[in-house]
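Below is one structure, written out as structure tokens, with a few remarks after it.
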């Protein structure tokens, strides 16, 4: 058996997230359909994590085990010839059997895109969240400073994020290595957050709360209080899914 690692980009607009679902189109499901055709049997694709419905990716990583005597390049070409245009395999490489797309990962970077001008171009409506009101960029950047490092992010965790019955787990504690705002044009910017792992909806809940500060609906002190409270009810509204992109996974 050979372990094949895939680097995947996708437009999540028409999908119910990454994870396989019986009655809804998913990224994992579409790729597994193609792998089944190649192998004439079901092949399980192991992803580095889950993405929500509507979330996009330029750097999702997944792997599968194959007994086929095909090169990784042939897998790339075969999969791209069958997949819908909204999903593309960017790279395919052979890895040692010890590689696991999820458990071997060291960190991930997410970008959350905001358009802060008057008129959003139609082509960007599915990839950026449109906010017309003026935003206090300095206050939002100050909030991001307070999430860097190791923290208990229970305040930004949606119910069902993890199995609470597991013993010895790290709970809702995660480490954020970098969190900043990147200007992408005169009217656009993105929140860039890199961490060793993320709870369910964690990035979207952080962004939603930071935006409340930017809009003057919450103070920086209020943001810090929400983080330290470890209560989801203390944080802000979850930001929409379509602004979020899984940019890169580091190994």
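Where strands (runs of 3 or more DSSP E) sit wholly within segment 32-133, those with at least 1 residues that are within 20 Å of residue 208 (Cβ to Cβ) and in contact with a strand residue (DSSP E or B) (Cβ under 8 Å, 6 or more places away or on another chain) occupy 56-66, 107-115.
The single condition among (1) surrounded by 16 or more Cβ atoms within 10 Å (Cβ to Cβ); (2) in the same structural domain as residue 28 (by TED's automatic domain parsing) that residue 144 does not meet is (2). Among the residues making up segment 4-18, those that are in contact with a helix residue (DSSP H, G or I) (Cβ under 6 Å, 6 or more places away or on another chain) and in a loop (DSSP other than H, G, I, E, B) are 15, 18.
The values are calculated or read from the model by the stated rules, or taken from the named source; none is laboratory data. This one's a predicted model, so the numbers in the text were calculated from it and none came from an experiment. Quick reminder, even Gly has a Cβ in these numbers, built from the backbone with ideal geometry, and neighbours come from all protein chains shown.
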